[in-house]
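Visitor: Have a look at this one before I ask anything.
The values are calculated or read from the model by the stated rules, or taken from the named source; none is laboratory data. It should be emphasised that the depicted structure is a prediction, and the values quoted were computed from it without experimental measurement. In this analysis, Cβ positions are derived from the backbone assuming ideal geometry, glycine residues included, and neighbour counts consider all displayed protein chains.
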Amino acid sequence: MKRTLYYIAGAVLTAGALASCADENNLVTGEGRVFLSASVNSDVQVRSRASLDEIRQSCMLWISDSKGLVRRYDNPSEIPSDGIKLVANHYVAEAWAGDSVPASFDARYFKGREEFDVKAGSTTSVSVNCTVANSVVNVFYEDNVDAVLKDYTITVGHSQGELEFVGRDERDGYFMMNSRDHDLTWTLRGTLPDGSEFTRSQSIKDCKPATRYTLTVSCPAQSDDISGAFLKVQVDAQELVVNNVIQIAVAPTIEGYDFDITKPFRGEPGKLGRNSLYITASAALKSLVLDCDFFGPILGIGGNDFDLLSLKNEYLEQIEAKGLNYTTEYDAEKDMYWLKLNFEDEFSVQVPKGEHFMRITATDANNKSTTVTVHIIVSSAPVATVQLSETQLAGVWTSKARIYGEVVTEGVVPSLKYREADATDWIDAPLTETKASWAVGDVFSADLTGLRPGTTYEYKAATSEYADAEVQQFTTESALQFPNADFENWGTHSDKSAIVGDGSFWDSGNHGSQTMNKNVTYADNTVKHGGQYSAKLASQFVGVGKFGRLAAGNIFIGQYLETDNLDGVLGWGKPFASRPAKLHGWVKYSPVAVTNKGNGGDLNKGDMDNGILYVALLDNSYHDDEYKDFPVVVRTKGSKLFDKNASNVIAYGEIVWREATAGDGMVEFEVPLTYRRTDVKPTYILCTASASIGGDYFTGGNGSTMWLDDLVLIYE
């Protein structure tokens, strides 16, 4: 049995290398450094370099603490080769690779988990071993089968997918088991000598991941009167074992010392000072190509681009004399390479006034390559406009934003101006802080309010006598709304359940209740706020006699995924990138006493039923192996429900109706959103309403009814 281990590694700095740069690359007090790697165990030999790269690129690595996700790397190239800085704490590293599909001859899936602790001032190496998450099946026929059976096939699968092994198909089949399917069913079909068809089926019970199940078909009979009755299928289970290791290293990283190379580097002519770059790689560098328009004139080497590691000694001595030098450290055992590139004062003083772009490309012995471009601005301007970073862009909402500038010359009084991108006149923006004197490098800011949603603005730094020619831009968030939130458009799904619109945004539990030919959510024209219809959510008992359950009238953003016996599997949430302040709508609620007590909920039989609506904004840190497109997957079996305190919840708001609403018509309501994080933009939105607050547990009153209409998101 062949086994291959694919290794995705973050580079590990040696203690000596760390010590040598400790004085210039210190950790913040209370921090430690983590070098993260992951190994992916496969049951077959890699077929090609393309296959290897595909597995490598699919590997995701997450680090979480008790409060939730703290680092997310969607592929190994994002892992910093010089380590990950984390505050001292207990963490869990998780990794996933491959493709999770129900059944495939090619797609495999791997998972791993490792707990670790970070200590202040220390270095920790963490390797997450991802084992095969699939159950693997192969089929073997003994030679004597051909005398009994012709044109044979074996089909193997579960409710979510199956594979057909035609004839002597020796391929491995990969199956992802799920919360509903614990067994694999095989069916052998063929033609007997008398021309009749032969069929036999059986199940492989409690299939385990990382286990190979070999189906051996034989005919042990020794008489001439052999037939299908003598055919035997034996199932042997064997745990997969690792035999081989292949290492795949991350690409080199290039960082600036005391400056962010992703932002423009600014300075006055002749005053740039000494600056350095750090290049860290998990293998020896074989080339370091530098390219900039001022290299030729300053270094006198006859060109603006050169490979620093391939220069002859005479040229190295020449550029070192001009103020460009480097130092290296290499650990052969760890295969770790570290290079510090220095631009001394005598070099920097010669950089000409203007805008320059320095391109650096580092390539290691594994042919992994990284290229960065440093934007250099040499100017006598007293102030500079600062481009918003990714984190700062999270502070741009629908109607407000914060903009920034930087002091370049000491003693100036800075200011900021802004306007819509197509406007003519600039508007002065009051600074968030004023000082008696500003020093070089001081960053100043202004908070803008009253902006228009979905609008591009531009801004610039200025003084009383100067305005920066470099103008930066940002675009406010759009004031997005829910589609079909007036509940005017309805349709019918193929399973006869009522759906809002085409069912692509809103869904309900109708798909489950339709197994008994009932809709619990549907259009109603008797109670409404505007238009012709509202959404009527009617809790009702679904079943016959004592056999059945209370199905809550409900509606939610997302998709009803499947019915697991009498339980539902729901994908909640849809992509959304705006941050509303509240949800406004119209409701009528008419509860009855709880008639059915299911497997949970706070209400008991005889208590008055409650209705609920809640809305949440979420990030993309949740990962479900089976349904990757949803930030929340609810499984009523086992009560795997939505947790409003989960780490991926950015903002949340809810309203509970504990009694009937006043009057015969609909009343207004608002649900304010409380933001737990304002430094990140949402990726998804979730909204769920139920006529029975315990509906997830099948608890509620048979007859509790809620009408909803005209839901609108309010932005401030």
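Visitor: Tell me, please, whether a residue that is touching a Phe, Trp or Tyr at 6+ places or on another chain (Cβ under 7 Å), under 24 Å from Glu562 (Cα atoms) and not in a strand (DSSP E or B) can be found in the stretch 150-163.
Guide: Within the stretch 150-163 (the criterion being touching a Phe, Trp or Tyr at 6+ places or on another chain (Cβ under 7 Å), under 24 Å from Glu562 (Cα atoms) and not in a strand (DSSP E or B)), the answer is no, since none of the residues qualifies.
Visitor: Taking the criterion of being more than 30 Å from Lys582 (Cβ to Cβ), touching a helix residue (DSSP H, G or I) at 6+ places or on another chain (Cβ under 7 Å) and outside the structural domain of Arg677 (by TED's automatic domain parsing), would at least one residue in the stretch 403-424 satisfy it?
Guide: No, the stretch 403-424 contains no residue that is more than 30 Å from Lys582 (Cβ to Cβ), touching a helix residue (DSSP H, G or I) at 6+ places or on another chain (Cβ under 7 Å) and outside the structural domain of Arg677 (by TED's automatic domain parsing).
Visitor: A follow-up question, please. Of everything in the stretch 297-310, what is surrounded by 15 or more Cβ atoms within 10 Å (Cβ to Cβ) and at pLDDT 90 or above? Give them in sequence order.
Guide: Within the stretch 297-310, Ile298, Leu299, Asn304, Phe306, Leu308, Leu309 meet the criteria.
Visitor: Name the residues in the stretch 609-652 that are part of a strand (DSSP E or B), over 20 Å from Pro580 (Cα atoms) and without any contact (Cβ under 8 Å) to a residue 60 or more places away in the chain, would you?
Guide: The answer is Lys640, and nothing else.
Visitor: Would you please name the residue that is nearest to Thr398 (Cα to Cα), looking only at residues in the stretch 438-462 that are in a loop (DSSP other than H, G, I, E, B) and at pLDDT 95 or above? Working first, answer last.
Guide: Step one: list which residues in the stretch 438-462 are in a loop (DSSP other than H, G, I, E, B), which gives 438-442, 449-455.
Subset that is at pLDDT 95 or above: 449-455.
Values: Thr449: 9, Gly450: 9, Leu451: 7, Arg452: 7, Pro453: 4, Gly454: 7, Thr455: 9 Å.
Among those residues, the one meeting the criterion is Pro453.
Here's the yes/no breakdown for (1) farther than 30 Å from Ala593 by Cβ; (2) assigned to a strand (DSSP E or B); (3) not assigned by TED's automatic domain parsing to the domain that holds Lys637:
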position	(1), (2), (3)
Val671	no, yes, no
Arg677	yes, no, no
Val680	yes, no, no
Asn702	no, no, no
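Visitor: Give just the number: which of (1) surrounded by fewer than 21 Cβ atoms within 10 Å (Cβ to Cβ); (2) assigned to a strand (DSSP E or B); (3) in contact (Cβ under 8 Å) with a residue 60 or more places away in the chain does Val145 not satisfy?
Guide: Val145 satisfies every listed condition except (2).
Visitor: Moving to a separate point now. Pull out all pairs, ordered by first then second residue, where Cβ-Cβ is under 9 Å, the residues are six or more apart or on different chains, the first lies in the stretch 570-588 and is touching a residue at least 60 places away in the same chain (Cβ under 8 Å), and the second is basic (Lys, Arg).
Guide: Once the first residue is touching a residue at least 60 places away in the same chain (Cβ under 8 Å) and sits in the stretch 570-588, its partners that are basic (Lys, Arg) give Leu570/Arg635; Ala577/Lys681; Ser578/Lys681; Arg579/Lys681; Trp586/Lys528.
Visitor: Output yes when any residue across the stretch 529-541 is surrounded by 21 or more Cβ atoms within 10 Å (Cβ to Cβ), of a type outside the set (Asp, Glu) and under 34 Å from the mean Cα position of the chain (by Cα), and no when none is.
Guide: Within the stretch 529-541, one or more residues are surrounded by 21 or more Cβ atoms within 10 Å (Cβ to Cβ), of a type outside the set (Asp, Glu) and under 34 Å from the mean Cα position of the chain (by Cα).
Visitor: I'm trying to understand the selection: among the residues of the stretch 433-483, which are among the hydrophobic types (A, V, I, L, M, F, W, C), within 13 Å of Ala384 (Cβ to Cβ) and crowded, with 19+ Cβ neighbours inside 10 Å?
Guide: The answer is Trp438, Phe444, Ala461, Ala462.
Visitor: Name the residues in the stretch 348-371 that are surrounded by fewer than 16 Cβ atoms within 10 Å (Cβ to Cβ), polar (S, T, N, Q) and touching a residue at least 60 places away in the same chain (Cβ under 8 Å), would you?
Guide: Once the filter is applied, which keeps residues that are surrounded by fewer than 16 Cβ atoms within 10 Å (Cβ to Cβ), polar (S, T, N, Q) and touching a residue at least 60 places away in the same chain (Cβ under 8 Å), the stretch 348-371 yields only Ser369.
Visitor: Could you identify the single residue in Thr398, Thr434, Thr515, Thr409 that is of a type in the set (S, T, N, Q), outside any strand (DSSP E or B) and modelled with pLDDT of 95 or more?
Guide: Every option except Thr398 fails the conditions.
Visitor: Here is a further query. Of the conditions (1) surrounded by 19 or more Cβ atoms within 10 Å (Cβ to Cβ); (2) modelled with pLDDT under 85; (3) within 19 Å of the chain's Cα centre (by Cα), Ser81 fails just one. Which one is it?
Guide: (3)
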